[in-house]
């Protein structure tokens, strides 16, 4: 007999009726992605843990405000996580600014060693890339975290970010351009390259 | 296809497996395209490396507790912030010393008003107004005779005293005069509230 996999929405409905196990099942299903999103955005495991917890605490208290017509429950949870992450980043912006200076120096040092694009195939290259993602402006970092690192489709990302799909595409395009710039540390780029697909930024 | 048309199809093209017509004809786009693909591959690898990561089991336990509180059940003891509370207590004690404004020189058993006689110490009949610290600790009873305490008169923020659980009202002057008894190892052994 094939086990029936309940949808997120069904689990939420049961959880709202007081079914603890349904809530925990929903948590187990979605917490990993939420945790990783917060981790990619902040670079902090402790913050990611807090965000994962607070997202589900919020769901516990305000799950009734979830509207399936506006997007999936997953997108709704990512939306809450995003707000918490942005709040955290706003609070710690000075610390991040100081960190970023150090990261740039480290990235420059690494970039001098060899072709950073080749480096991406190595562990130190990935660390360099991780640091580059963390130094992206927030609006670009979040699309990279959602679309590239969480493999979320553009529609779901748009629902999470509460913006048009075209904005997601253009921000992602720009984000990748910025990442390449950071990794290459070169100002020269081909004409027409890395131009946003649409001027929606 | 022009360069602009080609790049306007990004970012979807970054995931393309086979070389595209325009890339084969345009060296500059080909170079940048390769970089985009390397970047995409790097991001995918970064995502894979982090895939096993998830919130620690303690988060689930805390959520269960919160759920039971919300539904009227019996929560398990919440241990999430025990270390934070311990750190906060340590910080408060440290702040105790950092914010001190010594108004009298350190008196090593000299001030008879504060310390009537050495024999008092030895007989454990130390000033009964002194409160042993840590406050409420079971093993603090023998503090008076443990070593040869120094006495320091200071002003302490009222909030710090309240945070330590000492019997201080919340109203009144923001700073409270107190006498601290310091052990020979520098630890705080007792406190007397002067006001």
- Note on the structure: Within region A:146-166, the residues that are in contact with a helix residue (DSSP H, G or I) (Cβ under 7 Å, 6 or more places away or on another chain), part of a helix (DSSP H, G or I) and more than 7 Å from chain B (Cβ to nearest Cβ) are A:146, A:147, A:154, A:155, A:156, A:157, A:158, A:159, A:160, A:161, A:165
- Quick check, is residue B:49 at pLDDT 85 or above, closer than 30 Å to residue A:24 by Cβ and part of a helix (DSSP H, G or I)? yes
- Look at region A:1-30 and say how many of its residues are surrounded by fewer than 21 Cβ atoms within 10 Å (Cβ to Cβ) and either in contact with a strand residue (DSSP E or B) (Cβ under 9 Å, 6 or more places away or on another chain) or in a helix (DSSP H, G or I) (or both). 13
- Taking region A:8-43 and keeping only residues that are over 22 Å from the mean Cα position of the chain (by Cα) and in contact (Cβ under 8 Å) with a residue 40 or more places away in the chain, one is left with A:9, A:12, A:15, A:16
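Taking the condition modelled with pLDDT under 85, within 14 Å of chain B (Cβ to nearest Cβ) and either over 21 Å from residue B:57 (Cβ atoms) or assigned to a helix (DSSP H, G or I) (or both), does residue A:63 pass?
yes
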- Query: Given the conditions (1) within 12 Å of another protein chain (Cβ to nearest Cβ); (2) surrounded by 17 or more Cβ atoms within 10 Å (Cβ to Cβ); (3) farther than 27 Å from residue B:45 by Cα, and given that residue A:49 satisfies all but one, which numbered condition is not satisfied?
  - Reply: (3)
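The values are calculated or read from the model by the stated rules, or taken from the named source; none is laboratory data. These numbers were taken from a predicted model, which means no experiment stands behind them. Cβ coordinates were reconstructed from backbone atoms using ideal geometry, including for glycine residues, and neighbour counts include every protein chain displayed.
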